[in-house]
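Below: one structure, written as structure tokens.
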Amino acid sequence: MPADNPTCAKGNNLKHICIIMDGNGRWAKKRFMPRFAGHKAGLGALRKIVSSCVEQDLDVLTIFAFSSENWRRPKKEVNLLMELFATALTREVKKLHENNIQLRIIGDLSAFSDKIRGLISDALALTEDNSGLTLNVAANYGGRWDITQATRQIAQKVQNGRLHSQDITEVTIEEHLSLKHLPEPDLFIRTGGEKRISNFILWQLAYCEFYFTDVLWPDFNQEIFQDAVDSFHSRQRRFGRTGEQLTHDQ
Ligand code: IPE
Ligand code: IPE
Ligand code: MG
């Protein structure tokens with residue numbers, strides 16, 4: 001197989017999974033509970049999936065916790081989500097550290113309170129040397145924001161004379177995005193029945209495999225996770241080539 005082909009026909013290489021954890025509100029509504037109860041239950045589902053990723057020796061898990069558009073929600077829900085974020089940063093980080101997980105937060109952090117930013121920097125410092133799973137939490141993240149901030153950094157380098165515009169390649173752009181130096185997502189999972197990207201990672205989803213389920217995020221469990229992983233392994237990733245080329249090159 002030519003060296004530039006990142007796949008093989010027998011079992012795809014699964015290094016990076018990204019998840020839109022959707023359906024918390026509807027889960028709570030079905031139980032006549034406030035939406036916030038769904039968000040709390042969602043944190044429980046996340047714990048289980050992080051454990052599964054560690055067990056499966058996955059390199060990277062990226063989860064969408066709060067989008068740049070989620071500020072449009074009622075103020076009360078936003079405030080409760082911020083409290084939950086702060087609680088999770090306080091209570092969960094020790095466990096992540098014990099499991100050799102490196103935590104990263106991607107998104108525009110300038111919008112968060114001083115308290116949350118302080119908790120984030122403590123959590124990052126505690127886990128930065130860990131060599132197991134990299135857990136990216138997308139918070140106040142938007143795929144368009146990410147491409148915009150990368151463009152701004154590149155423009156600055158051109159302006160300072162550190163980069164020539166004709167030297168800008170796809171690699172230059174990748175190196176300025178939030179997920180730089182990490183393998184691209186191989187598998188995208190969205191729960192909650194919607195079939196859209198909702199401004200999650202945009203650039204790196206170019207050749208990602210998609211898995212959608214109607215299951216609401218708080219009900220997501222290891223079995224459905226395994227189904228998504230099995231579905232991924234059953235697919236042939238062609239990256240523009242023909243199926244015959246891949247089986248022949250084996
Ligand atoms: C996802 O669940 C969590 C966040 C966006 C923070 P939702 O809150 O969007 O749940 P639904 O889609 O309303 O059911
Ligand atoms: C996407 O879910 C964001 C997160 C899960 C954090 P939304 O519920 O905000 O997406 P839309 O609004 O239905 O597209
Ligand atoms: Mg939703």
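Specify which of the listed residues (ASP122, ASP57, ASP129) is free of Cβ contacts under 8 Å to residues at least 40 places away in the same chain, in a helix (DSSP H, G or I), surrounded by fewer than 14 Cβ atoms within 10 Å (Cβ to Cβ) and among the acidic types (Asp, Glu).
ASP122
I need the full set of residues from segment 153-202 which are more than 27 Å from ASN24 (Cα to Cα) and touching an Asp or Glu at 6+ places or on another chain (Cβ under 7 Å), in order please.
Selection gives LEU177, LYS180, PRO183.
If we keep just the residues of segment 70-85 that are within 20 Å of GLY44 (Cα to Cα) and within 16 Å of ligand 3 (Cβ to nearest atom), which is surrounded by the most Cβ atoms within 10 Å (Cβ to Cβ)?
Filtering segment 70-85 for residues within 20 Å of GLY44 (Cα to Cα) gives 77-85.
Next, from what is left, pick out any that are within 16 Å of ligand 3 (Cβ to nearest atom): 77-78, 80-81, 84.
Values: GLU77: 15, VAL78: 14, LEU80: 17, LEU81: 20, LEU84: 17.
Within segment 70-85, the match that is surrounded by the most Cβ atoms within 10 Å (Cβ to Cβ) is LEU81.
When you look at GLY142, is it within 17 Å of the chain's Cα centre (by Cα) and modelled with pLDDT of 95 or more, yes or no?
Yes; evaluated as a whole, the condition is true for this residue.
What tally of residues in segment 96-113 results from selecting those that are part of a helix (DSSP H, G or I) and either open to solvent by less than 10 Å² (accessible area, probe 1.4 Å) or not aliphatic (A, V, I, L, M) (or both)?
Going through segment 96-113 one residue at a time, the tally reaches 3.
Any residue in segment 205-222 that is more than 30 Å from ASP108 (Cα to Cα) and among the hydrophobic types (A, V, I, L, M, F, W, C)? Full working, then the answer.
Narrowing segment 205-222 to residues more than 30 Å from ASP108 (Cα to Cα): 222.
Pick out the ones that are also among the hydrophobic types (A, V, I, L, M, F, W, C) and you get none.
Checked segment 205-222: no residue is more than 30 Å from ASP108 (Cα to Cα) and among the hydrophobic types (A, V, I, L, M, F, W, C).
What residue, among those in segment 14-33 that are under 22 Å from PHE232 (Cα atoms), assigned to a loop (DSSP other than H, G, I, E, B) and away from ligand 3 (no atom under 16 Å from the Cβ), is farthest from the chain's Cα centre (by Cα)?
LEU14
Could you list, in sequence order, the residues of segment 131-171 that are in contact with a helix residue (DSSP H, G or I) (Cβ under 7 Å, 6 or more places away or on another chain), under 27 Å from VAL50 (Cβ atoms) and polar (S, T, N, Q)?
Scanning segment 131-171 gives a single hit, ASN140.
Can you name the number of the only condition in (1) of a type in the set (A, V, I, L, M); (2) out of contact with any Lys or Arg (no Cβ under 9 Å at 6 or more places or on another chain); (3) assigned to a strand (DSSP E or B) that ILE116 fails?
Going through (1) of a type in the set (A, V, I, L, M); (2) out of contact with any Lys or Arg (no Cβ under 9 Å at 6 or more places or on another chain); (3) assigned to a strand (DSSP E or B) one by one, ILE116 breaks only (3).
Any idea how many residues of segment 1-44 are at pLDDT below 95 and either over 30 Å from GLN245 (Cα atoms) or open to solvent by less than 20 Å² (accessible area, probe 1.4 Å) (or both)?
Qualifying residue count, segment 1-44: 3.
Would you point out the residue of segment 179-208, among those that are among the charged types (D, E, K, R) and surrounded by fewer than 19 Cβ atoms within 10 Å (Cβ to Cβ), that is nearest to LYS15 (Cα to Cα)?
Here the residue is GLU184.
The values are calculated or read from the model by the stated rules, or taken from the named source; none is laboratory data. These figures come from a predicted structure and were not determined experimentally. Backbone-built Cβ (ideal geometry, glycine too); neighbour counts: all protein chains shown. Each accessible area value is taken on the protein alone, full model and side chains, heavy atoms only, with ligands, DNA and RNA left out. Shrake-Rupley method; radii C 1.70, N 1.55, O 1.52, S 1.80 Å.
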